[in-house]
Amino acid sequence: MNRPINPALYRRPRSVPVLVLVDMQQEYEIAGRPLALSGIEPALQNCRRALAHARASGIQVAYVRWVGAPLFQAGSRYARWIEGFEPHGCDMIFDRDRPSCYASPAFADAMERGSPPLVMAGFAAESSCLATAVDGFHRGQDVTFLSDASASHDLEDIGAEEIHRSVSAVMRVFGDVTDTQSWIATSSPFKPMPAAPRSRHDND
């Protein structure tokens, strides 16, 4: 699938974000699995909205996934993409075996080379997303976390919602935290420009 050509993307190339989708894998969605997230659907809906906006705007999308960890063995159903989040041919895909996305040398190289702002959504906020934000901060990258397009696990006797609120608060030390709709609105400079009407000639 061809990405739309958007002239706005050429005006300030280093201000154009990359949407980083973290661990959009079935392990987190399927009930009964060790890492299944209860109440994941609202976060998934917002991930879909963020992804649709990026695709419509020509914003680059980067998928980062677990590969090789015990629950994410290659070929396992649970390591596969959640339905509707399969990458397109123009997307970037990175594999890692530790929480931070920067544990992928290819991801670290690609993000540090151009130093684009990162807009992050996905699972799980208390580990992968937080570790990525910390690493990005120390690399001098701007990171924005879409809190409503992510979800966290409960930890010991602390519920998942409280963990997620706390993680979102800690994220503000290392980057910006916002919701999906606000990000879509503020990234409007990268929305596609309306197609100009075709000129007509007398001989048409």
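Can you tell me the relative contact order of the chain? Whole percent, Cα pairs under 8 Å, sequence separation 6 or more.
So the answer I get is 26 percent.
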| remark: Computed for the chain: size of charge dipole around the Cα centre, +1 on C-beta of each Lys and Arg, -1 on C-beta of each Asp and Glu, debye to nearest 20, value 920 debye
| request: Using 0.36 nm per residue of separation minus the Cα-Cα distance, give me the extension gain between A36 and M92 in nm, one decimal. | output: 17.6 nm
| message | For the chain, take the longest principal axis of its alpha carbons; what is the angle in degrees between that and the long axis of helix 105-114, to the nearest 10 within 0 to 90? | response | 40 degrees
| Of the accessible area of the chain, with the probe set at 1.4 angstrom, what percent is carbon plus sulfur? | 52 percent
| request: Report, to the nearest 10°, how far helix 160-174 tilts away from the longest principal axis of the Cα atoms in the chain, using its own Cα long axis and a range of 0 to 90°. | output: 60 degrees
| said: Which one, M171, I93, S57, projects farthest toward the positive side of the charge dipole computed for the chain from Cβ point charges (K/R +1, D/E -1)? | reply: S57
| segment 43-126: relative contact order in percent, alpha carbon pairs under 8 Å with at least 6 residues between | 27 percent
| request: Can you send over the solvent-accessible area of L35, 1.4 Å probe, protein chains only, in Å² to the nearest 10? | output: 50 Å²
| message | Can you tell me the length gained on complete extension of the stretch S188 to V67, counting 0.36 nm per residue apart and subtracting the Cα distance? | response | 40.1 nm
| task | Would you indicate which of (i) -0.70, -1.12; (ii) -0.56, -1.23; (iii) -0.50, -1.16 is the value of log10 I(q)/I(0) by the Debye sum over Cα atoms at q = 0.11, 0.17 Å⁻¹ derived from the coordinates of this structure? | result | (iii)
| field | Fraction of antiparallel bridges per DSSP, the chain only, in percent to nearest 5 | value | 10 percent
| remark: Dividing the helical contributions, -39500 (n - 2.57) per DSSP H run of n ≥ 4, by the residues of the chain yields a 222 nm value, nearest 500 deg cm²/dmol, of -8500 deg cm²/dmol
| query | In a GNM of the chain with a 10 Å cut-off on Cα contacts, which of T144, T186, T178 has the highest mean-square fluctuation? | reply | T186
| request: With a 1.4 Å probe and every protein chain left in place, work out the accessible area per residue of the chain in Å², rounded to a whole number. | output: 52 Å²
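The values are calculated or read from the model by the stated rules, or taken from the named source; none is laboratory data. Predicted model only: the values in this text are computed from it and were never measured. We place every Cβ from the backbone using ideal geometry, glycine too, and count neighbours over all the protein chains shown. Quick note on the areas: whole protein, heavy atoms, side chains included, nothing else; ligands and nucleic acids left out. Shrake-Rupley method; radii C 1.70, N 1.55, O 1.52, S 1.80 Å.
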